[in-house]
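Single-structure report; data block below.
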């Protein structure tokens with residue numbers, strides 16, 4: 001009864017054809033009749049090679065770890081050098097800034113002193129000019145007195 005239901009065309013999917021079913025059956029029959037020793041031997045060989053490959057992989061991994069660790073240490077050393085250089089440059093920059101401020105202050109003091117000296121020179125020049133004028137006037141006055149005296153003596 002079950003076999004007749006299997007062959008009944010109404011229970012078979014329209015997409016499946018009898019040729020495909022027989023092909024599947026042949027493949028299944030071949031699978032169970034063909035010896036799989038060769039496949040099993042290949043698989044066993046690959047499984048036996050796994051510890052060797054695993055060992056090689058571990059060795060490669062350790063080598064990579066050491067290499068990367070060395071590179072990382074080198075990068076850390078370079079970074080420390082860069083940071084120390086940066087701090088030195090900051091310190092030098094601060095020293096230069098302080099020196100600049102000090103020199104600007106000194107320059108301003110020298111300018112102030114120069115201006116004060118210039119004012120003193122101008123005052124002394126004015127006084128010297130006044131004294132020169134005064135001396136000329138005294139000389140003219142003395143000459144005038146002498147000339148007047150000579151003029152008076154002639155009369």
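Since every read-out is calculated from the coordinates, none of them should be taken as a lab result. Quick caveat: nothing in here was measured; it's all calculated off a predicted structure. Reconstructed Cβ throughout: ideal geometry from the backbone, glycine too, with neighbour counts over all protein chains shown.
Taking a point 7 Å out from the Cα of residue 122 in the direction of its Cβ, the residues of region 75-116 whose backbone N falls within less than 19 Å of it are 109-116.
The simple spin-label model puts a point 7 Å past each Cα toward its Cβ; for residue 93 and residue 42 those points are separated by 6.8 nm.
So between residue 24 and residue 69, what do we pick up on full extension, going 0.36 nm a residue minus the alpha carbon distance? Intermediate results must be reported in sequence, preceding the final value.
Values: separation 45, 0.36 × 45 = 16.20 nm, distance 5.66 nm.
Working it through step by step, the gained length comes to 10.5 nm.
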